[in-house]
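Novice: I am attaching a structure below and will ask some questions about it afterwards.
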């Protein structure tokens, strides 16, 4: 008599590590990209002039904006030139390593931007950057 085995032999489950690594990397990239889109910049929206490269320092960056109509902003707060000087002087007095990012609209008066740069230089702030957009 011939014996027929109706129950197949049970194999132990295998843990496939390569697909799990792929999924983990996919999740890592997904969360990194979603965090980059959540970065908030405290400044007023405007059209920046374009350059081939842009560089930002790792110190405390203070955005100072000059709009097309000549209005000054410290972050998102409108200011006069004297108010801006007082505010920057307070920041410099704290002893932090600060840098000013000057964001001037393309249509802003050149003299107004030079006044702000002169003010920053007179306060002893040596790190002044001019914000631009890169040419696409």
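The values are calculated or read from the model by the stated rules, or taken from the named source; none is laboratory data. Nothing here was measured: the structure is a model prediction, and the numbers come from that model. Here the Cβ is made from the backbone with ideal geometry for all residues, glycine too, and neighbour counts use every protein chain on show.
Novice: Which of the residues that make up region 103-115 are in contact with a helix residue (DSSP H, G or I) (Cβ under 7 Å, 6 or more places away or on another chain) and buried (at least 18 other Cβ atoms within 10 Å of the Cβ)?
Specialist: Just the residues of region 103-115 that are in contact with a helix residue (DSSP H, G or I) (Cβ under 7 Å, 6 or more places away or on another chain), to begin with: 104, 115.
Residue satisfying the conditions is 104 alone.
Novice: Whether any residue in region 64-73 is closer than 23 Å to residue 92 by Cβ, at pLDDT 85 or above, out of contact with any strand residue (DSSP E or B) (no Cβ under 9 Å at 6 or more places or on another chain) and surrounded by 10 or more Cβ atoms within 10 Å (Cβ to Cβ) is what I want to check.
Specialist: No; the residues of region 64-73 include none that is closer than 23 Å to residue 92 by Cβ, at pLDDT 85 or above, out of contact with any strand residue (DSSP E or B) (no Cβ under 9 Å at 6 or more places or on another chain) and surrounded by 10 or more Cβ atoms within 10 Å (Cβ to Cβ).
Novice: Right, residue 91: over 13 Å from residue 44 (Cα atoms), surrounded by 15 or more Cβ atoms within 10 Å (Cβ to Cβ) and touching a strand residue (DSSP E or B) at 6+ places or on another chain (Cβ under 7 Å) or not?
Specialist: Yes.
Novice: Sticking with this structure for a sec: Among residues belonging to region 118-136 that are touching a residue at least 40 places away in the same chain (Cβ under 8 Å) and part of a strand (DSSP E or B), point out the one that is farthest from residue 85 (Cα to Cα).
Specialist: Residue satisfying both the conditions and the ranking: 134.
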